[in-house]
Amino acid sequence: MSSSKKNRAFWNSWSVAYQAAHGPVLSQKALAWGVWRIPESELRILGPIEGRRMLELGCGAAQWTLGLAAGGAHAVGIDLSEQQLAHARTSTESIGEGPGLVQGDAENLPFQDGVFDIVFCDHGATVFAAPKKTVSEAARVLRPGGLFAFCMSTPIRDICFDPSTGAVSTKLATDYFGLSRFEDVESVEYQLQYGAWIRLFRAEGLVAEDLVEIQAPPDAVTTYSDFVAANWARRWPAEHVWKLTKTA
């Protein structure tokens, strides 16, 4: 089974439980990054959004996409899972005409070249889709000078994550140079070394403008059980946001 088919089946089966556990907080703090929900107004990743053509990769129930549309963006959300998009459509029904919602694969985006000002992802498709294909597709659909931004766990967290306990440790638990594709019985996820990410960006005509390493705030709480170690995430970055510009 391909990673896309496996991840689609996983998200279809987990969607109801996921939205029950995380959906209320994601909706309450829609324009915010990561598991600690750090506001976009604080991190200033995306910049002005009004009138901008924006694409969210792996939108889930489209909390981000809905929030951006409410702020005046021409927002589109794409997701692999029809069950996740069913939640998104239920949300859009309550507000009338909402953002565009598309079922599709971030590794093969169903959009023409250069049609978006901003492509972004918050722990979505950039975790569950092959990096080389996803970055290439994000760059393709961006206009020259456009922004690609995505938030995901850091390589530091991932090499300190102990699969036997399901938690991060203060000791290295996984080989750094082994970071690549991680598959279990349910899903497939991806991570690269820092240098490999940078080389991939350059190959696709993307320049790293910033790498925002997120520190958990003192009063940090999260609904994500694999990120519950707030004390750990105050000492080391568990998440970061890549901020990239398309050069041409």
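The values are calculated or read from the model by the stated rules, or taken from the named source; none is laboratory data. The structure displayed is predicted, hence computed values, not measured ones. Reconstructed Cβ throughout: ideal geometry from the backbone, glycine too, with neighbour counts over all protein chains shown.
When R8 is tested against (1) of a type outside the set (F, W, Y); (2) in contact (Cβ under 8 Å) with a residue 40 or more places away in the chain; (3) more than 22 Å from A129 (Cα to Cα), just one condition goes unmet, and that condition is (3).
The number of residues in the range 167-201 being under 21 Å from the mean Cα position of the chain (by Cα) and either modelled with pLDDT of 95 or more or surrounded by fewer than 19 Cβ atoms within 10 Å (Cβ to Cβ) (or both) comes to 23.
Contact map, the range 38-63: residues that are over 16 Å from V119 (Cβ atoms) paired with residues that are among the hydrophobic types (A, V, I, L, M, F, W, C) and part of a loop (DSSP other than H, G, I, E, B), Cβ distance under 6 Å, separation 6+ or inter-chain. Pairs shown: Q63/A30.
Pairs meeting the criteria (first residue in the range 161-182 and basic (K, R), second residue buried (at least 16 other Cβ atoms within 10 Å of the Cβ), beta carbons under 6 Å, at least 6 apart or on different chains) are R181/Y190. Checked against the criterion of being polar (S, T, N, Q) and in contact with a helix residue (DSSP H, G or I) (Cβ under 6 Å, 6 or more places away or on another chain), the candidates T245, T223 yield just one match: T223. Number of residues in the range 1-17 that are among the basic types (K, R) and in contact with a Ser or Thr (Cβ under 7 Å, 6 or more places away or on another chain): the value is 2. When V76 is tested against (1) assigned to a helix (DSSP H, G or I); (2) of a type in the set (V, I, T); (3) in contact with a strand residue (DSSP E or B) (Cβ under 7 Å, 6 or more places away or on another chain), just one condition goes unmet, and that condition is (1).
Assess whether V102 counts as being at pLDDT 95 or above, farther than 28 Å from I214 by Cα, in contact with a Lys or Arg (Cβ under 7 Å, 6 or more places away or on another chain) and of a type outside the set (F, W, Y).
no
Looking only at residues of the range 234-248 that are closer than 21 Å to Y194 by Cβ and in a loop (DSSP other than H, G, I, E, B), we find that the one that is nearest to the chain's Cα centre (by Cα) is A238. Residues in the range 124-143 that are part of a loop (DSSP other than H, G, I, E, B) and touching a Ser or Thr at 6+ places or on another chain (Cβ under 8 Å) were compared, and the one that is nearest to L26 (Cα to Cα) is A129. Given the options A88, A30, name the one that is closer than 24 Å to T223 by Cβ, in a loop (DSSP other than H, G, I, E, B), modelled with pLDDT under 95 and among the hydrophobic types (A, V, I, L, M, F, W, C). Being closer than 24 Å to T223 by Cβ, in a loop (DSSP other than H, G, I, E, B), modelled with pLDDT under 95 and among the hydrophobic types (A, V, I, L, M, F, W, C) holds for just one of A88, A30, which is A30.
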